[in-house]
1. How many residues, within region 1-32, are in a helix (DSSP H, G or I) and either under 15 Å from F61 (Cβ atoms) or under 14 Å from the mean Cα position of the chain (by Cα) (or both)?
2. Please state which one of I79, I83, I64 is in a helix (DSSP H, G or I), at pLDDT 85 or above, of a type in the set (A, V, I, L, M) and over 20 Å from I12 (Cα atoms).
3. If you go through region 20-31 one residue at a time, do you hit one that is among the aromatic types (F, W, Y), surrounded by 13 or more Cβ atoms within 10 Å (Cβ to Cβ) and on the phi < 0 side of the Ramachandran plot?
4. Across region 71-119, which residue is farthest from N41 (Cα to Cα) among those that are aliphatic (A, V, I, L, M) and in contact (Cβ under 8 Å) with a residue 40 or more places away in the chain?
5. Residues of region 67-76 being part of a helix (DSSP H, G or I) and not aliphatic (A, V, I, L, M), which ones?
6. Among the residues of region 11-25, which ones are more than 13 Å from T45 (Cα to Cα) and of a type outside the set (G, A, S)?
7. Considering only region 97-113, how many residues are of a type outside the set (G, A, S), under 16 Å from L32 (Cβ atoms) and in contact with a helix residue (DSSP H, G or I) (Cβ under 8 Å, 6 or more places away or on another chain)?
Amino acid sequence: MNKTRATVLGFIAAFVDVAVGGGWGPLGTPALILAGDEPKNAVGTIEFTEPIISLTAVVTFGLILGFERFMWDMTIPMIIGGIFLSPVASYLTSKMPKKLLGILIGLWLVLLNVWGLLQ
């Protein structure tokens, strides 16, 4: 993937993620894989950049809407879970065969989108 396409993809994926509450992983991961990156590198790239985008979104929305409007009873467990499970996910993706990881990522994305359509 050339730098221009990667930059455009990054802006689109980040905007969708912040605007509708998700999309960075589902847009970025397959695009990086289709561009020829190994699935574990694509997942690693997305997982490295996602907290930065999320932190920026949280601060922006908090300043505009007010931090008291956040659902802290859900937010805190998600943060704690992410801190503990990111190393586990990183380790598992480094050990999985490339083809299996690509298949699992594809199946997960299809299932999430089918579920979203049925909702």
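1. Qualifying residue count, region 1-32: 21.
2. Answer to the check: I64.
3. Yes, there is a match, as at least one residue in region 20-31 is among the aromatic types (F, W, Y), surrounded by 13 or more Cβ atoms within 10 Å (Cβ to Cβ) and on the phi < 0 side of the Ramachandran plot.
4. L112
5. Within region 67-76, F67, E68, R69, W72, D73, T75 meet the criteria.
6. Scanning region 11-25 gives F11, I12, F15, V16, D17, V18, V20.
7. Matching residues across region 97-113 total 4.
The values are calculated or read from the model by the stated rules, or taken from the named source; none is laboratory data. What you see is a predicted model; the values in this text were computed from it and never measured. Cβ atoms come from the backbone with ideal geometry, glycine included; neighbour counts cover every protein chain shown.
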